[in-house]
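The block underneath contains the structure these notes are about, expressed in structure tokens.
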Amino acid sequence: MPGGTDLRGKRVLVVGLARTGVATSIFCADRGALVTATDSRGESDLGETVAKLKETGVTVELGSHREKTFLEQDLIVPSPGVPADEPHLQAARAKGVTIWSEIELAYRFTKGRLIGITGSNGKTTTTSLVEHILRSAGMRTILAGNIGTPLIGCVDAMTDSTCTVVELSSFQLELVDTFRPNIGVFLNLTPDHLDRHHTMEAYGAAKARLFENQTADDAAVLNADDPPSTAYAPSLPRVYWFSRKKRVAQGAYVRGQEIVFRHDGAEEVLLKLEDIPLAGSHNVENVLAASAAARLAGAAAKAIAKGVQSFAGVEHRLEFVSEIGGVRYYNDSKATNVDATLKAIDAFPGRILVILGGKDKGSDYTVLQKPLREKAILALLIGAAAEKIEKQISGSVALERAETLERAVETASHAARRGDVVLLAPACASFDQFQNYEHRGRVFKDLVRQLEKQAAGATSGKG
């Protein structure tokens with residue numbers, strides 16, 4: 001247990017007033033800090049947020065960031081969307097101002113056990129699955145982090161007997177200091193967020209800070225099949241592996257049609273592959289990682305099998321939406337990078353109409369050419385990245401510049417025939433046209449449901 005940090009009378013600046021920034025501002029104000037919250041947006045863009053913060057005694061600066069404000073603080077907590085190299089942060093850092101991410105601040109007040117999960121892809125599914133397994137096993141659990149509820153917003157619910165499972169992004173991990181999970185899981189490392197981190201080395205190093213403060217009493221879980229992330233295996237905590245392809249010295253692996261957990265030379269069967277309800281080989285990896293983490297957290301083999309079998313999946317992650325006229329529609333709005341889109345395409349046998357595009361993150365879309373050529377019949381391009389994607393995948397599949405998600409869904413519904421799959425797997429961020437990937441996914445589902453109603457109306461009209 002970290003033991004807390006005295007915030008009384010401390011000057012704290014929170015940068016960015018999205019979900020995490022608001023929660024952090026209120027948390028600090030409630031503990032006696034002199035809080036200033038700043039956002040480049042104006043009051044009209046933030047709605048009721050401003051009044052809510054002022055009620056708790058938070059000073060709000062909107063419309064632009066003022067360097068003077070940054071330099072006058074004892075502590076600055078940037079929201080995940082604020083780059084660590086933002087000029088005002090750099091100036092404050094040079095003056096010796098402490099800069100922590102929200103998870104670092106929250107960690108200092110946490111109680112109970114902490115499982116931290118990071119990686120380029122699969123974080124949300126794996127985090128949700130670990131929490132679901134442990135809850136099914138009768139443990140008191142809390143689900144937090146990049147998955148929806150900021151860790152700092154869960155502190156008051158923690159006790160010495162809770163186990164908090166937290167999804168962690170590179171943005172959150174790059175500004176930690178003492179943050180230390182009892183179990184750290186690093187799923188994989190593929191190109192993502194290079195517009196922010198600039199190099200794969202910097203991106204990987206930010207993720208690997210998950211293990212930085214772990215001790216010999218802690219456990220690290222890594223993907224033995226993913227060389228880019230195995231390079232970050234730590235030396236101090238106990239290291240466990242997961243693998244679809246080979247037996248591991250310690251950890252979870254696939255043996256025939258079973259998932260086996262190996263520890264100190266002893267092996268136990270956790271579940272059968274046929275028990276996994278989620279589509280795609282990437283989800284076998286997620287189940288392996290989740291099983292290893294849950295076993296290390298104390299869940300029995302039977303509880304792990306039961307938890308996996310009863311797991312319904314995660315919204316916006318290869319989420320089945322509807323079947324209309326024999327055409328199945330899937331929402332994978334969480335596929336915000338190229339590797340996630342590759343995994344989504346791999347989950348289906350073929351005849352895919354895929355919707356790609358959004359805000360580019362410095363990605364290389366040429367790697368989509370081969371799977372699109374083999375499995376897709378049409379790519380519908382939307383958003384700011386459409387032109388770049390078109391140039392990089394041209395010749396591999398029929399293309400259409402749909403521009404908007406609405407038009408993409410409409411076009412796909414006319415082009416698809418019975419047995420086809422319409423797949424939203426954008427390979428991009430959503431911020432050019434949507435608030436976030438959840439918003440994009442909800443709009444897609446609403447559009448599909450409109451098609452469903454139209455189809456039902458047409459059918460009843462024939463009668």
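The values are calculated or read from the model by the stated rules, or taken from the named source; none is laboratory data. Worth saying up front: this structure is predicted, and the values here are computed from it rather than measured. Glycine gets a Cβ as well: all are built from the backbone with ideal geometry, and neighbour counts include every protein chain shown. Accessible surface is based on the protein model in full, side chains and every heavy atom, while ligands, DNA and RNA are left aside. Shrake-Rupley method; radii C 1.70, N 1.55, O 1.52, S 1.80 Å.
Some observations on this one:
- Residues (more than 19 Å from Val448 (Cα to Cα), in a loop (DSSP other than H, G, I, E, B), of a type outside the set (Phe, Trp, Tyr) and open to solvent by 10 Å² or more (accessible area, probe 1.4 Å)) located in region 298-346: Gly298, Ala300, Ser310, Ala312, Gly313, Thr336
- Among the residues making up region 273-297, those that are open to solvent by less than 40 Å² (accessible area, probe 1.4 Å), part of a loop (DSSP other than H, G, I, E, B) and of a type in the set (A, V, I, L, M, F, W, C) are Ile276, Leu278, Ala297.
- Counted as qualifying within region 155-236 are no strands (runs of 3 or more DSSP E), as none has 1 or more residues that are under 26 Å from Gly4 (Cβ atoms), open to solvent by less than 40 Å² (accessible area, probe 1.4 Å) and modelled with pLDDT under 95.
- Cβ-Cβ distances below 7 Å connect the following pairs, each with a first residue in region 156-179 that is under 22 Å from Ala290 (Cα atoms) and among the aromatic types (Phe, Trp, Tyr), a second residue that is open to solvent by 10 Å² or more (accessible area, probe 1.4 Å) and part of a helix (DSSP H, G or I), and a separation of six or more residues or different chains: Phe179/Tyr107.
- Any chance Val254 is in contact with a Leu (Cβ under 9 Å, 6 or more places away or on another chain), surrounded by fewer than 17 Cβ atoms within 10 Å (Cβ to Cβ) and under 24 Å from Ile345 (Cα atoms): no
- Long-range neighbours under 6 Å by Cβ, at least six apart or interchain, first residue touching a residue at least 60 places away in the same chain (Cβ under 8 Å) and over 11 Å from Ser394 (Cβ atoms) within region 362-382, second open to solvent by 10 Å² or more (accessible area, probe 1.4 Å) and of a type outside the set (A, V, I, L, M): Gly362/Asp195
- Qualifying positions in region 32-48 - over 14 Å from Arg19 (Cβ atoms), of a type outside the set (Asp, Glu) and touching a strand residue (DSSP E or B) at 6+ places or on another chain (Cβ under 6 Å): Ala33, Leu34, Val35, Thr36, Thr38, Gly42
- The number of residues in region 406-454 being open to solvent by less than 10 Å² (accessible area, probe 1.4 Å), under 19 Å from Leu378 (Cβ atoms) and not aromatic (Phe, Trp, Tyr) comes to 13.
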